[in-house]
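Input: a single structure, listed below in structure tokens.
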Amino acid sequence: MKKLRVMILILLITGVLASTVLGQEKPLLPPGSIQQTCFIMKGNPINSRIYTDYQGYRLYFCCRDCQIEFKQHPDKCLQAMLEADFPLEKTPETK
């Protein structure tokens with residue numbers, strides 16, 4: 001009886017952990033996006049829901065903190081991106 005309870009507990013814990021991992025939604029890259037990593041936290045994949053349109057460019061970030069960092073020094077960051085030949089895309093045209 002005690003072994004049965006332990007087995008059930010293990011199965012429940014495994015189920016909860018699996019649903020947590022499988023339930024995490026990974027943001028997809030925007031269609032046709034050339035930017036795949038965050039410039040602020042170099043190498044981190046971007047989150048397609050976190051972006052800023054600035055001076056004709058759409059800039060994606062991995063997290064809100066990076067977006068805030070950019071907004072504190074936008075000209076400096078954009079200039080560094082351009083000098084580093086960082087892949088930038090133009091702001092999509094609005095209809």
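The values are calculated or read from the model by the stated rules, or taken from the named source; none is laboratory data. Just so it is clear, the structure is predicted and the values come from calculations on it, not from any experiment. So basically every Cβ, Gly included, is an ideal-geometry build from the backbone, and we count neighbours across all protein chains shown.
Among residues of the stretch 48-59 that are under 13 Å from Pro74 (Cβ atoms), those with a beta-carbon under 9 Å from a residue that is assigned to a strand (DSSP E or B) and of a type in the set (Val, Ile, Thr) at least six positions away or on a different chain give the pairs Leu59/Thr52. May I ask you to list the residues in the stretch 54-66 that are more than 8 Å from the chain's Cα centre (by Cα), surrounded by fewer than 19 Cβ atoms within 10 Å (Cβ to Cβ) and not in a strand (DSSP E or B)? Selection gives Gln55, Gly56, Arg64, Asp65.
Every residue, every condition in (1) surrounded by fewer than 10 Cβ atoms within 10 Å (Cβ to Cβ); (2) at pLDDT 75 or above; (3) touching a His at 6+ places or on another chain (Cβ under 9 Å), yes or no:
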residue: Gly23; (1), (2), (3): yes, no, no
residue: Ser33; (1), (2), (3): no, no, no
residue: Lys42; (1), (2), (3): no, yes, no
residue: Thr52; (1), (2), (3): no, yes, no
residue: Met81; (1), (2), (3): no, yes, no
residue: Lys95; (1), (2), (3): yes, no, no
